[in-house]
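Q: Provided herewith is a single structure, encoded as structure tokens, for subsequent inquiry.
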Amino acid sequence: MRLVVDLNKCQGYAQCAFLAPDVFAMHGEESLVYDPQPDHEQRERLARAVAACPVQAITADGVDGHGAFRGPEAPDGH
Amino acid sequence: MATEHMDRLRREGRIAIVGASLAGLRAAETLRAEGFAGELTLIGDEPYEPYDRPPLSKAVLLGRADPLRTELPRRREIDAKWRLGVAATGLDLTAGRVRLSDGDEVEYDRLLIATGVRARPWPRESEARLDGVFVLRTRDDAAGLYQRLRAGPRRVFVIGAGFAGCEVASACREQGVQVTVAERAGAPLVGALGGVVGAVAADLMREHGVDLRTRVTVTALEGDAAGRVRAVHLSDESVVEADVVVVSLGSLRNTEWLNGSGLGAGPRGIACDAGCRAFDFRGIVTDDVFVAGDVARSPHALFEYQFLSLEHWGNAVAQAETAAHNMICDGADRHPHLWMPAFWSSQFGVNIKSVGVPPMGEELMITQGSTAERRFVGVYGHKGRVVAAVSFDNTRWLEFYQRAIERGAPFPVEHPTLDRRPENRRPVPADFPDPSLPTHGPMVTLSGYSPADTQLVFHPARH
Ligand SMILES: Cc1cc2nc3c(=O)[nH]c(=O)nc-3n(C[C@H](O)[C@H](O)[C@H](O)COP(=O)(O)OP(=O)(O)OC[C@H]3O[C@@H](n4cnc5c(N)ncnc54)[C@H](O)[C@@H]3O)c2cc1C
Ligand code: SF4
């Protein structure tokens, strides 16, 4: 699973850090740090964080069941 | 309506993308998302799949992310031919052909150049080769540096206090490593944010135990008998012992491979129109060569049509999307790239963000919070208009000022806003250094003709 956070968009609401604390953490008052390639056990939590981010700043792949995010090897669905 | 020619291009055309990183990947995804069904080739000189760079100076150095695992997530399958670990070495504009370092050639109907920038190396080669001397641009750089930090060096020396240099210093302190930072200007971040905000960054650094030296330059790196760096010599005659040196002197645009191609490419990047179409060296727009990301220079209507080169993550994404769209569209369907410049950094536990083009502002007003508290918003003015804003731990205000920039709102900022302090009613000079003097290199470069600039006079050369 790979993920990236658009930190221009991110408002530091910390929803993601609450839902997937092993992937996201707040660093200081507002900064977010994250593990760009978390272990597979984090999949469900990561999916929840992606869905919960109020500004949709998180892009992830390899997280099933969440519309736009397909695995890199998945067939082209467009 | 797409012409027959365009329909054919979309169906069976050949598109090559040089530079397989953030801009290259997002452009490829956009091409497929918009229905390009032809042949797509991605050429990248790094041996890796596209990966993300911002974590390299932050999460990676903090031990929070593995430097070799920062590949970018894919938005969709792109069904491309990947040529990784192979550099483009030349371009034949007339024949529509890219030459590769392995002797191969790739023919294209449309080309996207997204070759980005590289770190400016330490100028003296023998010193740059010393063991323990690093730059920080690639994941290999970050992996090497992270290893050294883990090994517990006695002191790290950072040359240049731009964003990357400050982030490295911050990561060192957080891990209890002693660090010295040297900067030619009077404070960190001055090229990007000016001297007033730079002074805040300087206090922040010193409070966190960084040995910050300003108005000095590094004159030499000294090695020991085994070829390891051991000391740094400064222009004020001082010598600092350090076993790791991070050279953070800004960047060089990857345009050398285009020398002699006839494209308008040089040390400032590749000039293009607002639709991301590259100019040739005569200033004539090409119709089949596009540019995106750190290597591009494009005019922006909100900033007096100045040509902006932005080393900003968000710009690479937005410009790639626009370029890709325009590559497979005709005239009126094309979009302009008028992205609002925006940047973030995180250092010493503070979230720094900016929108607009701070180096364009002559004046600054602190409109929220206070610099003493390190929690504030500073707004930059140019010719009576708001052109940029920066926030330290005050993200939520930036959108408001982004709208102000878009509206051309007046400066000084009149209306009393929330958390406005009485001492901040008047603007002060933003205190940017003379742009003709070299610093570590800001991450926004303004260049080119501004129609509003009446001082510009053309002097023909005399023979
Ligand atoms: C350590 C670090 C921290 C950063 N932090 C931030 C941040 O906090 N916020 C922010 O907004 N931005 C940040 N950035 C900037 C951001 O990463 C860049 O703006 C972004 O990577 C630009 O993407 P790009 O695709 O245009 O160029 P690049 O990422 O530079 O990619 C260009 C690619 O092209 C390849 N290439 C070059 N020449 C050739 C050739 N001749 N043939 C084939 N391939 C070639 C290069 O090797 C490279 O892989 C940071 C950058 C670094 C290095
Ligand atoms: S939930 Fe979204 S906005 Fe909030 S911290 Fe996470 S990424 Fe940022």
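The values are calculated or read from the model by the stated rules, or taken from the named source; none is laboratory data. All of these numbers come straight from a predicted model, not from anything done at the bench. Cβ atoms come from the backbone with ideal geometry, glycine included; neighbour counts cover every protein chain shown.
Q: Can you go through B:Thr89, B:Thr30, B:Thr94 and tell me which one is over 28 Å from A:Leu7 (Cβ atoms) and not in a loop (DSSP other than H, G, I, E, B)? Lay out the reasoning, then the answer.
A: Working: B:Thr30 fails: over 28 Å from A:Leu7 (Cβ atoms); B:Thr94 fails: not in a loop (DSSP other than H, G, I, E, B).
After ruling out the rest, the residue left standing is B:Thr89.
Q: Which condition from (1) modelled with pLDDT under 95; (2) under 23 Å from B:Ala404 (Cα atoms); (3) of a type in the set (Phe, Trp, Tyr) is the one that B:Trp313 breaks?
A: With (1) modelled with pLDDT under 95; (2) under 23 Å from B:Ala404 (Cα atoms); (3) of a type in the set (Phe, Trp, Tyr) applied to B:Trp313, the lone miss is (1).
Q: Need at least 1 residues that are on the phi < 0 side of the Ramachandran plot, within 16 Å of ligand 1 (Cβ to nearest atom) and hydroxyl-bearing (Ser, Thr, Tyr) per element, so show me which strands (runs of 3 or more DSSP E) inside region A:1-66 make the cut, counting only ones lying wholly within it. Can you show your working first?
A: On the way: elements: A:2-5, A:24-27, A:31-34, A:58-61.
Fully inside region A:1-66 and qualifying: A:31-34, A:58-61.
Q: Select from region A:52-65 the residues that are near ligand 2 (Cβ under 10 Å from one of its atoms) and over 20 Å from B:Glu71 (Cα atoms) and write down the one among them that is nearest to the other protein chains (Cβ to nearest Cβ). Steps first, please.
A: Filtering region A:52-65 down to residues near ligand 2 (Cβ under 10 Å from one of its atoms) leaves A:52-58.
Narrowing the set further to residues that are over 20 Å from B:Glu71 (Cα atoms) leaves A:52-55.
On the way: A:Ala52: 17, A:Cys53: 14, A:Pro54: 12, A:Val55: 10 Å.
Among residues in region A:52-65 that are near ligand 2 (Cβ under 10 Å from one of its atoms) and over 20 Å from B:Glu71 (Cα atoms), the one nearest to the other protein chains (Cβ to nearest Cβ) is A:Val55.
Residues checked against (1) among the small types (Gly, Ala, Ser); (2) more than 10 Å from every other protein chain (Cβ to nearest Cβ):
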residue	(1), (2)
B:Ala59	yes, no
B:Arg69	no, no
B:Ile78	no, no
B:Trp82	no, yes
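Q: Picking from B:Gly384, B:Gly331, B:Gly356, which residue would you name as being under 30 Å from B:Phe290 (Cα atoms), away from ligand 1 (no atom under 14 Å from the Cβ) and small (Gly, Ala, Ser)?
A: Details: B:Gly384 fails: under 30 Å from B:Phe290 (Cα atoms); B:Gly356 fails: away from ligand 1 (no atom under 14 Å from the Cβ).
Checking each option against the conditions leaves just B:Gly331.
Q: Looking at B:Arg139, B:Arg118, B:Arg124, can you tell me which residue is within 13 Å of ligand 1 (Cβ to nearest atom) and within 15 Å of B:Leu249 (Cα to Cα)? Working first, answer last.
A: Details: B:Arg139 fails: within 15 Å of B:Leu249 (Cα to Cα); B:Arg124 fails: within 13 Å of ligand 1 (Cβ to nearest atom).
Checking each option against the conditions leaves just B:Arg118.
Q: Which one is nearest to the other protein chains (Cβ to nearest Cβ) among residues in region B:368-380 that are at pLDDT 95 or above and under 20 Å from B:Glu406 (Cβ atoms)?
A: B:Val377
Q: Pick out the one residue from B:Asp52, B:Asp45 that is modelled with pLDDT of 95 or more and within 11 Å of chain A (Cβ to nearest Cβ). Please lay out each step first, then the result.
A: Working: B:Asp45 fails: within 11 Å of chain A (Cβ to nearest Cβ).
Residue meeting the stated conditions: B:Asp52.
Q: Condition first: outside any loop (DSSP other than H, G, I, E, B), buried (at least 17 other Cβ atoms within 10 Å of the Cβ) and more than 16 Å from ligand 2 (Cβ to nearest atom). Now tell me which residues in region B:33-56 satisfy that. Please lay out each step first, then the result.
A: Going through region B:33-56, the residues outside any loop (DSSP other than H, G, I, E, B) turn out to be B:33, B:39-44, B:51, B:54-56.
Among the residues that remain, those that are also buried (at least 17 other Cβ atoms within 10 Å of the Cβ) are: B:39-44, B:51, B:54-56.
B:Glu39, B:Leu40, B:Thr41, B:Leu42, B:Ile43, B:Gly44, B:Tyr51, B:Leu56, listed by residue number.
Q: Mind listing whichever residues of region B:261-287 are in contact (Cβ under 8 Å) with a residue 24 or more places away in the chain and surrounded by fewer than 21 Cβ atoms within 10 Å (Cβ to Cβ)?
A: The answer is B:Ser261, B:Gly262, B:Arg268, B:Asp273, B:Ala274, B:Gly275, B:Arg277, B:Asp280, B:Thr286.
Q: Tally time: how many residues in region B:67-95 are more than 8 Å from ligand 1 (Cβ to nearest atom), crowded, with 17+ Cβ neighbours inside 10 Å and either farther than 16 Å from B:Trp313 by Cα or of a type in the set (Lys, Arg) (or both)?
A: In the first step, residues of region B:67-95 are kept if they are more than 8 Å from ligand 1 (Cβ to nearest atom); the result is B:67-85, B:90-95.
After this cut, where a residue has to be crowded, with 17+ Cβ neighbours inside 10 Å as well, the list is B:67, B:70-78, B:80, B:83, B:91.
If we keep only those that are either farther than 16 Å from B:Trp313 by Cα or of a type in the set (Lys, Arg) (or both) as well, we get B:67, B:74-78, B:80, B:83, B:91.
The qualifying residues number 9.
Q: If you don't mind, another one. Could you please let me know if B:Val232 is under 21 Å from B:Phe134 (Cα atoms) and either without any contact (Cβ under 8 Å) to a residue 60 or more places away in the chain or out of contact with any Cys (no Cβ under 9 Å at 6 or more places or on another chain) (or both)? Break it down stepwise before answering.
A: Values: under 21 Å from B:Phe134 (Cα atoms): yes; either without any contact (Cβ under 8 Å) to a residue 60 or more places away in the chain or out of contact with any Cys (no Cβ under 9 Å at 6 or more places or on another chain) (or both): yes.
When the stated conditions are applied, B:Val232 passes them.
Q: Could you go through region B:189-202 and let me know if any residue there is more than 24 Å from the chain's Cα centre (by Cα) and not in a helix (DSSP H, G or I).
A: The answer is no; no qualifying residue exists.
Q: Could I ask something else about it? Of the conditions (1) closer than 16 Å to B:Phe157 by Cα; (2) crowded, with 18+ Cβ neighbours inside 10 Å; (3) in contact with a Ser or Thr (Cβ under 8 Å, 6 or more places away or on another chain), B:Ser235 fails just one. Which one is it?
A: Tallying (1) closer than 16 Å to B:Phe157 by Cα; (2) crowded, with 18+ Cβ neighbours inside 10 Å; (3) in contact with a Ser or Thr (Cβ under 8 Å, 6 or more places away or on another chain), B:Ser235 fails exactly one: (2).
Q: For B:Arg110, indicate whether it is more than 15 Å from ligand 1 (Cβ to nearest atom) and away from chain A (no Cβ under 14 Å). Break it down into steps so the answer makes sense when it comes.
A: Values: more than 15 Å from ligand 1 (Cβ to nearest atom): yes; away from chain A (no Cβ under 14 Å): yes.
Yes, satisfied.
Q: Taking only pairs six or more apart or across chains, which ones have beta-carbon atoms under 9 Å, a first residue in region B:299-316 that is farther than 20 Å from B:Gly191 by Cα and part of a helix (DSSP H, G or I), and a second residue that is charged (D, E, K, R) and within 7 Å of ligand 1 (Cβ to nearest atom)?
A: What qualifies is B:Ala316/B:Asp294.
Q: How many residues, within region B:271-298, are within 16 Å of ligand 1 (Cβ to nearest atom) and assigned to a strand (DSSP E or B)? It would help to see each step written out before you state the result.
A: If we filter region B:271-298 for residues that are within 16 Å of ligand 1 (Cβ to nearest atom), which is where we start, we get B:271-272, B:276, B:278, B:289-298.
Those left that are additionally assigned to a strand (DSSP E or B): B:271-272, B:278, B:289-291, B:296-298.
So the answer is 9.
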